[in-house]
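Undergrad: Before I ask anything, let me first share the structure, which is written out below as structure tokens.
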Amino acid sequence: MLNSLLRQAARAVYSIAENRNIRVWLTPIGYLFFFGLVALLVVLSLMFDRLLQLDPMIPSSLNLYLSIPILTIGGAVYLYLTYRFIKSHGTPFPGNPPKSLIINGLYSYIRNPMLLNWFIIILGLGILFRSFSLVLVFTPIFIAINILYVKTIEEKVLEMKFGEQYLKYKCSVPMFIPRYTRKH
């Protein structure tokens with residue numbers, strides 16, 4: 001039953017991705033939902049820290065020195081990857097994917113650099129706000145939810161859209177952690 005529901009969800013996302021009118025309308029809503037979810041994670045973690053009376057994770061003198069480089073690099077990578085999606089006539093929003101499979105650049109090392117980048121950005125926000133719960137509770141929950149979504153819905157949609165090309169790519173490129181291979 002669960003597999004059937006997941007297949008139906010994947011087909012629904014695929015149908016949205018194939019319908020230009022719906023895709024254009026839902027893309028801003030998808031972005032609002034995602035950014036709203038990230039903002040909610042930050043707010044909930046700060047409330048959680050306060051409720052449990054958790055001391056700040058790191059001294060205030062260090063949080064900027066550690067978080068600013070992480071957030072700056074994360075922001076730059078986000079903009080670069082978004083540019084790559086737009087250049088391929090799509091967006092990072094799963095309901096509005098590019099017309100062709102992006103498999104070069106960062107995507108030649110890992111299949112989900114955008115999502116990995118968001119994991120790092122949220123970690124950077126946890127350091128910025130000195131939040132134990134954002135770093136140790138909410139970021140891992142966010143990661144688990146997104147991995148579950150990617151494995152159960154997004155990969156199925158990509159298989160429907162790009163077929164054998166995606167299956168080969170999926171077999172040869174890891175999801176999040178690049179492989180180290182020596183060139184001979």
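What follows is calculated from the coordinates using simple rules that are stated; it is not laboratory data. The structure displayed is predicted, hence computed values, not measured ones. Glycine also receives a Cβ, built like all others from the backbone with ideal geometry; neighbour counts cover every protein chain displayed.
Undergrad: According to the square roots a ≥ b ≥ c of the eigenvalues of the Cα gyration tensor, what is the shape class of the range 1-46, taking rounded for a/c under 1.5, prolate for a/b larger than b/c otherwise, and oblate for the remainder?
TA: It is oblate, given that a/c is not under 1.5 and a/b is not larger than b/c.
Undergrad: Taking the simple approach of a point 7 Å from Cα along Cα-to-Cβ for both Lys168 and Tyr180, what is their distance in nm?
TA: 2.9
Undergrad: Using alpha-carbon positions, what is the distance between the centroids of the range 137-169 and the range 19-34, in Å?
TA: If we compute the Cα centre of each part, the gap is 19 Å.
Undergrad: Using only the alpha-carbon atoms of the range 2-172 as identical scatterers, what base-10 log of I(q)/I(0) does the Debye formula give at q = 0.09, 0.13, 0.14, 0.16 Å⁻¹?
TA: Calculated log10 I(q)/I(0) at the listed q: -0.36, -0.72, -0.82, -1.01.
Undergrad: Quick check: pseudo-label points 7 Å beyond the Cα along Cα→Cβ at Gln8 and Met47, how many nm apart are they?
TA: 3.2
Undergrad: Would you mind calculating the relative contact order of the chain from Cα pairs under 8 angstrom and at least 6 residues apart, reporting the percent as a whole number?
TA: 32
Undergrad: Separate question: Return one number: the angle in degrees, 0 to 90 and rounded to the nearest 10, between the long axis of the Cα atoms of helix 139-149 and the longest principal axis of the Cα atoms of the chain.
TA: Its long axis makes an angle of about 10 degrees.
Undergrad: Could you give each residue of the range 100-112 its phi-based ³J(HN,Hα) in whole Hz, using Karplus coefficients 6.51, -1.76, 1.60 with θ = phi - 60°, and x for Gly or Pro?
TA: So the J values, rounded to whole Hz, are 10, 6, 8, 10, 10, x, 4, 6, 7, 9, 9, 6, 10.
Undergrad: So, how do all the Cα-to-Cα distances of the range 1-102 break down into 10 Å bins, in percent, from 0 on up?
TA: 13, 27, 29, 20, 11, 0
Undergrad: Whole-Hz ³J(HN,Hα) for each residue in the range 18-34, computed from phi via Karplus 6.51 cos²θ - 1.76 cosθ + 1.60 with θ = phi - 60°, x for glycine and proline: what do you get?
TA: Each residue's phi maps through the Karplus curve to give 8, 9, 4, 4, 5, 4, 5, 6, 7, 4, x, 5, x, 5, 4, 4, 5 Hz.
Undergrad: Please turn the phi angles of the range 49-54 into ³J(HN,Hα) values with the Karplus equation 6.51 cos²θ - 1.76 cosθ + 1.60 (θ = phi - 60°), one per residue in order, whole Hz, x for glycine and proline.
TA: Working through the residues one at a time gives 4, 5, 4, 8, 6, 7 Hz.
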